[in-house]
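Visitor: This is the structure I want to talk about, given as structure tokens.
The values are calculated or read from the model by the stated rules, or taken from the named source; none is laboratory data. In this text the structure is predicted, and so the values were computed from the model without any measurement. A quick note on method: Cβ atoms are made from the backbone with ideal geometry, for glycine too, and the neighbour counts reach across all protein chains shown. What goes into the accessible areas is simple: the full protein's heavy atoms, side chains included, and nothing from ligands, DNA or RNA. Shrake-Rupley method; radii C 1.70, N 1.55, O 1.52, S 1.80 Å.
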Number of protein chains: 2
Amino acid sequence: MSGLRERKKQRTRDALVRAALVLFTSKGYEHTTVDEIAEAVEVSQRTFFRYFAGKEDAAFAVHRIAEAHFIEAVRGRPSHEAPLEALSRAVLDGWHHINEAVESVVPPELQMRMYHVIESTPALLAAHMRRSAETEEAVARLIAEREGVDVDVDLRPRVVVALFSGLMRLTERRWGAGTDLSVAAMRELTSTYLDAMGPALAGNWRTEPQ
Amino acid sequence: MSGLRERKKQRTRDALVRAALVLFTSKGYEHTTVDEIAEAVEVSQRTFFRYFAGKEDAAFAVHRIAEAHFIEAVRGRPSHEAPLEALSRAVLDGWHHINEAVESVVPPELQMRMYHVIESTPALLAAHMRRSAETEEAVARLIAEREGVDVDVDLRPRVVVALFSGLMRLTERRWGAGTDLSVAAMRELTSTYLDAMGPALAGNWRTEPQ
DNA sequence: TTGTCAATTGTCAGTGGCTGTCACTAGCCT
DNA sequence: AGGCTAGTGACAGCCACTGACAATTGACAA
């Protein structure tokens with residue numbers, strides 16, 4: 001199964017991710033060079049690029065795990081839940097499981113700080129948003145499947161997901177801007193914003209201030 | 001007013017934008033080097049970087065104009081319109097004016113093809129989404145002002161804008177994926193997706209298929 | 001006009017991300 | 001044991017981008 005070769009490879013990869021995150025969160029993403037990451041793990045720069053497509057790729061190594069878990073969480077929602085409900089619960093319930101999966105590679109606190117770095121580094125934020133857009137497409141297909149409609153004919157799957165994603169990006173942004181970077185804070189923000197959806201789409205805000 | 005110096009600068013800048021767009025749309029963004037752009041306008045590479053923060057910045061020179069126009073369009077909406085209505089109309093009506101403003105710098109057809117390049121170039125798509133996020137914040141403040149609420153207390157401004165933006169990104173993506181890159185096509189897609197908002201958020205899709 | 005100042009530009013040198021190539025080492029398989 | 005090959009290091013090179021300094025040129029006053 002897992003020969004010496006493969007295990008060594010996995011260890012090198014994990015070490016690179018950890019070293020990268022430690023450096024990114026301490027000196028900042030842009031002020032960290034690939035050479036420094038490679039040196040910290042005692043491999044050549046060339047080897048770093050054999051594991052990661054680029055510096056950016058290393059920054060999202062952990063994030064990738066979280067995304068995969070979110071998709072699985074959506075897939076696991078009981079089919080009687082309405083689309084928006086399923087998405088909301090997948091996010092709210094998913095956070096704990098995501099953290100479990102992640103901490104086998106890096107300490108959770110490091111990952112939380114990395115979120116902050118991503119949010120405050122333009123290049124990483126941009127990459128993050130593009131990645132989210134890709135996830136969006138996958139989730140839209142999932143929702144379509146759940147509801148038994150054709151994603152290329154019925155607009156609703158992509159529309160709910162687009163609306164939901166817009167809201168989640170807002171939540172992330174507000175979470176990153178704050179000081180409480182805990183999972184609990186994220187959960188609370190998420191439901192607060194979800195609850196604000198209805199009122200925000202209401203026709204007239206002035207007759208009934210919130 | 002506009003001395004020789006300033007006019008010359010403007011001409012150089014416009015020439016750089018045009019050269020960049022022509023090259024980006026013909027050879028692709030990544031296969032175009034800054035040297036080539038500079039050479040096409042007969043300035044040094046260093047000069048290019050004095051006009052633009054980077055290659056990416058040149059790619060969005062036109063886009064920037066469109067964004068500013070959208071914000072103005074929102075500001076110009078009569079105050080009796082509900083927030084979502086104002087945003088929708090600003091986009092739908094805005095397209096024509098945006099095109100007018102843009103064509104003084106580059107031919108509209110070139111700009112349309114550039115949209116396509118942005119949509120299909122990961123690095124540019126990422127940058128585009130980050131830029132949109134910044135616009136989002138500005139629009140949220142505008143809406144808050146319109147409705148006379150505090151953007152840091154009332155969640156609704158940011159929420160409508162987040163939802164609306166999610167939908168607009170979806171529209172852009174679908175538009176870019178299609179073959180009809182006309183303004184008319186964009187307008188039609190926009191209202192189609194806007195109309196799908198209600199049904200998509202409805203609790204149960206199965207009882208009443210669309 | 002002409003001299004002076006300041007803005008604009010070109011040149012040069014250097015950093016850092018990223019890639020291709022090639023030889024070498026170390027795990028794997030018969 | 002010995003050949004095979006994945007993984008690696010070393011080196012060279014491309015390109016985006018930046019800082020420093022010198023040359024040029026428009027602006028403006030004497």
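Visitor: Near B:K8, which lysines are there with a Cα under 29 Å away, not counting those fewer than 8 places off in the same chain?
Guide: Partners within reach: B:K27, B:K55.
Visitor: Of the trypsin sites (Lys or Arg not before Pro) in segment A:90-148, which ones lie in a loop per DSSP and count no more than 13 other C-beta atoms within 10 Å?
Guide: none
Visitor: Still on this structure, I have one more. Can you compute the charge dipole magnitude of segment A:4-55 about its Cα centre, using +1 on each Lys and Arg Cβ and -1 on each Asp and Glu Cβ, nothing else charged? Give it in debye, rounded to the nearest 20.
Guide: Roughly 380 debye, rounded to the nearest 20.
Visitor: Mind listing, in residue-number order, the residues in segment A:130-156 that have at least 30 Å² less accessible area with every protein chain present than in their own chain alone (1.4 Å probe)?
Guide: When all protein chains are present, A:R130, A:A133, A:E136, A:E147, A:L155, A:R156 each give up 30 Å² or more of accessible surface.
Visitor: May I ask which residue of B:A127, B:V41, A:A126 lies farthest towards the positive end of the charge dipole of the protein assembly as shown, with charges of +1 (Lys, Arg) and -1 (Asp, Glu) on Cβ and the Cα centre as origin?
Guide: B:V41
Visitor: Another one. Could you state the accessible area per residue of segment B:132-210 in Å², with a 1.4 Å probe and every protein chain left in place?
Guide: Value returned for segment B:132-210: 42 Å² of accessible area per residue.
Visitor: Follow-up. Looking at segment A:84-160, which GluC sites (Glu not before Pro) are in a loop (DSSP not H, G, I, E or B) and have at most 14 other Cβ atoms within 10 Å?
Guide: Of the GluC sites (Glu not before Pro), the ones in loops of segment A:84-160 whose Cβ has at most 14 other Cβ atoms within 10 Å are A:E103.
Visitor: Determine the per residue accessible area of segment B:32-98 with all protein chains present and a 1.4 angstrom probe, expressed in square angstrom.
Guide: Here the per-residue accessible area is 48 Å².
Visitor: With a 1.4 Å probe and all protein chains kept in place, how do B:H31, B:H96, B:H69 rank by accessible area, largest first?
Guide: The ordering from most to least exposed comes out as B:H31, B:H96, B:H69.
Visitor: Follow-up. Rank these by accessible area, largest first, 1.4 Å probe: A:Y115, B:Y51.
Guide: From most accessible down to least: B:Y51, A:Y115.
Visitor: Rank these by accessible area, largest first, 1.4 Å probe: A:R64, A:R46, B:R89.
Guide: Largest to smallest exposure gives the sequence A:R46, B:R89, A:R64.
Visitor: Just to be sure I understand the interface: list residues from segment A:179-210 that lose 50 Å² or more of accessible area between the chain on its own and the complete protein assembly, 1.4 Å probe.
Guide: With the partner chains in place, segment A:179-210 has these residues losing at least 50 Å²: A:A200, A:L201, A:W205, A:R206, A:Q210.
Visitor: Another question about this same structure. In whole Hz, what ³J(HN,Hα) sequence does segment A:57-71 give by Karplus (6.51, -1.76, 1.60; θ = phi - 60°), x for Gly and Pro?
Guide: Rounded to whole hertz, the list is 4, 5, 5, 9, 3, 6, 3, 4, 4, 4, 4, 4, 5, 4, 4.
Visitor: Next question, about the same structure. Got a sec? Charge dipole of the protein assembly as shown, +1 on Cβ for Lys and Arg, -1 for Asp and Glu; which of A:A53, A:L92, A:A68 is way out at the positive end?
Guide: A:A53
Visitor: May I ask for the distance between the Cα centers of segment A:1-80 and segment B:91-123, given as a whole number of Å?
Guide: Each part reduced to its Cα centre gives a spacing of 37 Å.
Visitor: Going by the rotation axis that takes chain B to chain A, pick out the residue of B with the closest C-beta and quote the gap in whole Å.
Guide: Axis relating chain B to chain A; nearest Cβ residue and distance: B:G166, 1.
Visitor: Once the Cα atoms of helix B:83-102 and of chain B are each reduced to a long axis, what angle between those two axes, in degrees from 0 to 90 to the nearest 10, is obtained?
Guide: In chain B, helix B:83-102 runs at an angle near 20 degrees to the longest axis.
Visitor: Further question: Roll a 1.4 angstrom probe over the protein heavy atoms and tell me the percent of accessible area of segment B:65-210 that is carbon or sulfur.
Guide: The nonpolar share, carbon plus sulfur, comes to 54 percent.
Visitor: Can you give the charge dipole size of segment A:64-122 about its Cα centre, rounded to the nearest 20 debye, using +1 on the beta carbon of Lys and Arg and -1 on the beta carbon of Asp and Glu?
Guide: 120
Visitor: Provide the per-residue ³J(HN,Hα) series for segment B:113-119, in order, calculated from phi with Karplus coefficients 6.51, -1.76, 1.60 and θ = phi - 60°, each as a whole number of Hz, with x at glycine and proline positions.
Guide: 5, 5, 3, 5, 5, 4, 4
Visitor: May I ask you to evaluate 6.51 cos²θ - 1.76 cosθ + 1.60, the Karplus curve with θ = phi - 60°, for each residue of segment A:153-160 and list the ³J(HN,Hα) values in order in whole Hz, giving x for glycine and proline?
Guide: These are the phi-based 3J(HN,Hα) values: 10, 7, 6, 4, x, 5, 5, 4 Hz.
Visitor: May I pose another question? Share of segment A:4-55's accessible area from carbon and sulfur, percent, 1.4 Å?
Guide: That share works out to 47 percent.
Visitor: Could you tell me the total accessible area buried at the A-B interface, probe 1.4 Å, in square angstrom to the nearest hundred?
Guide: 4300
Visitor: So if I place +1 on the C-beta of Lys and Arg and -1 on the C-beta of Asp and Glu, and nothing else carries charge, what would the dipole magnitude of segment A:106-195 be about its Cα centre? I want it in debye, nearest 20.
Guide: 260
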